[in-house]
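These notes concern the structure reproduced below.
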Amino acid sequence: MKKLTVRKLILHADDFGLTHGVNEGILLGIQKGCISATSALVNFPTSNEALQLAKQHSLDIGWHINLTLGRPLSDPKSIPSLVTSEGTFHPLNSFIIRSFWGKIKRRRSKRTFTSIRAV
C-alpha cells in the first residue's frame, strides 16, 4: 500500500497597504484561514494602516518590493531614472522597456530600497 503524503498550501497575498479595502480583505482572509501571509507596499497613504493591522494581529508579513506603482519614499529628484516628470514611478511596462534599454540606474534603485528603513 502506498503511503499518502500530506501537502501544505501557503497562500500569500500581495499589496497589503495599497488601499483600505485591500487591507481589510487580506486581514479577513488571514483571519478565516484562507491566506497564510502577506507582503506590504510601504509607499501608499494606507500603508501605515496595514502596518498597524499587522502589529495588532501578529500577522506574518513581508516587504513587497515596488518600483512601478505610486510615489517613491525617496525624493524623486534623487532617483530620476525611476520616476516620471510628475515624480511617480514609471508603470510596469515602461519600467521593463527602460530597464531593457539601460535607462534604469541601479545605484538609484538602491537608494529607494534604503529609504524603506525609515518606515
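Out of (1) surrounded by 12 or more Cβ atoms within 10 Å (Cβ to Cβ); (2) under 16 Å from the mean Cα position of the chain (by Cα); (3) of a type outside the set (S, T, N, Q); (4) modelled with pLDDT of 95 or more, what's the single condition that is false for PHE113? In the conditions (1) surrounded by 12 or more Cβ atoms within 10 Å (Cβ to Cβ); (2) under 16 Å from the mean Cα position of the chain (by Cα); (3) of a type outside the set (S, T, N, Q); (4) modelled with pLDDT of 95 or more, PHE113 misses (4) alone. Restrict the check to segment 60-75 and report whether at least one residue is crowded, with 16+ Cβ neighbours inside 10 Å and closer than 25 Å to LYS8 by Cβ. Yes: segment 60-75 contains one or more residues that are crowded, with 16+ Cβ neighbours inside 10 Å and closer than 25 Å to LYS8 by Cβ. For ASP15, which of the numbered conditions (1) more than 14 Å from the chain's Cα centre (by Cα); (2) touching a residue at least 40 places away in the same chain (Cβ under 8 Å); (3) on the phi > 0 side of the Ramachandran plot fails to hold? So the condition that ASP15 fails would be (1).
Screening GLY21 on (1) of a type outside the set (Asp, Glu); (2) part of a helix (DSSP H, G or I); (3) in contact with a strand residue (DSSP E or B) (Cβ under 8 Å, 6 or more places away or on another chain) shows it passes everything except condition (3). Within segment 26-69, the set of residues being part of a helix (DSSP H, G or I) and over 29 Å from GLY87 (Cβ atoms) comprises LEU27, LEU28, GLY29, ILE30, GLN31, LYS55, GLN56.
The values are calculated or read from the model by the stated rules, or taken from the named source; none is laboratory data. None of the values given here were measured: they were computed from a predicted structure. Please note: Cβ atoms are built from the backbone with ideal geometry, for glycine as well, and neighbour counts cover all protein chains shown.
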